[in-house]
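For reference, the structure discussed in these notes is given below.
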Amino acid sequence: MMSELKEKKVEINKSVLIENCCKQIDEKISALKLERLMEWEKNHNFDSSSIDQKLEQLKEEKEQLCALFNNISKETIEFDIERLLQAS
């Protein structure tokens, strides 16, 4: 079965890939905002700088990801299944 997978590739529509990646980053951002709110509820004087820094990094990551995908001219993106399995 693994030998079959080594030769297979999967194609994903670029717009679907962008949507899913952005959705994952947005979920992380929402979770951090909720964490910040919960900490603020416990202590109105808490230092939110570490959470704010993570939020800023995620926003930058999302912008970079969008720029990367926008530079891809193809409407579908092909992935090698073997490389995906190695990466996970």
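Any idea which residue in segment 6-49 is nearest to the chain's Cα centre (by Cα), counting only those that are among the β-branched types (Val, Ile, Thr) and within 19 Å of Ile81 (Cβ to Cβ)?
Looking only at segment 6-49, we keep the residues that are among the β-branched types (Val, Ile, Thr), and these are 10, 12, 16, 18, 25, 29.
From the residues that got through so far, the ones that are within 19 Å of Ile81 (Cβ to Cβ) too are 10, 12, 16.
Values: Val10: 19, Ile12: 16, Val16: 13 Å.
Checked segment 6-49; the qualifying residue nearest to the chain's Cα centre (by Cα) is Val16.
For the chain, which helices (runs of 4 or more DSSP H) that fit wholly inside it have 1 or more residues that are modelled with pLDDT of 90 or more and loosely packed, with under 11 Cβ neighbours inside 10 Å?
Numbers: elements: 2-6, 14-42, 49-70, 81-87.
In the chain, the matching helices (runs of 4 or more DSSP H) lie at 14-42, 49-70.
If the Cβ limit is 8 Å and pairs must be 6+ apart or interchain, which residue in segment 53-77 that is over 15 Å from Asn20 (Cα atoms) pairs with which residue that is among the basic types (Lys, Arg) and surrounded by fewer than 10 Cβ atoms within 10 Å (Cβ to Cβ)?
Every condition considered, no pair remains.
The values are calculated or read from the model by the stated rules, or taken from the named source; none is laboratory data. Values in this document were obtained by computation on a predicted structure and should not be read as measured data. Virtual Cβ from ideal backbone geometry, glycine too; neighbours counted across all protein chains shown.
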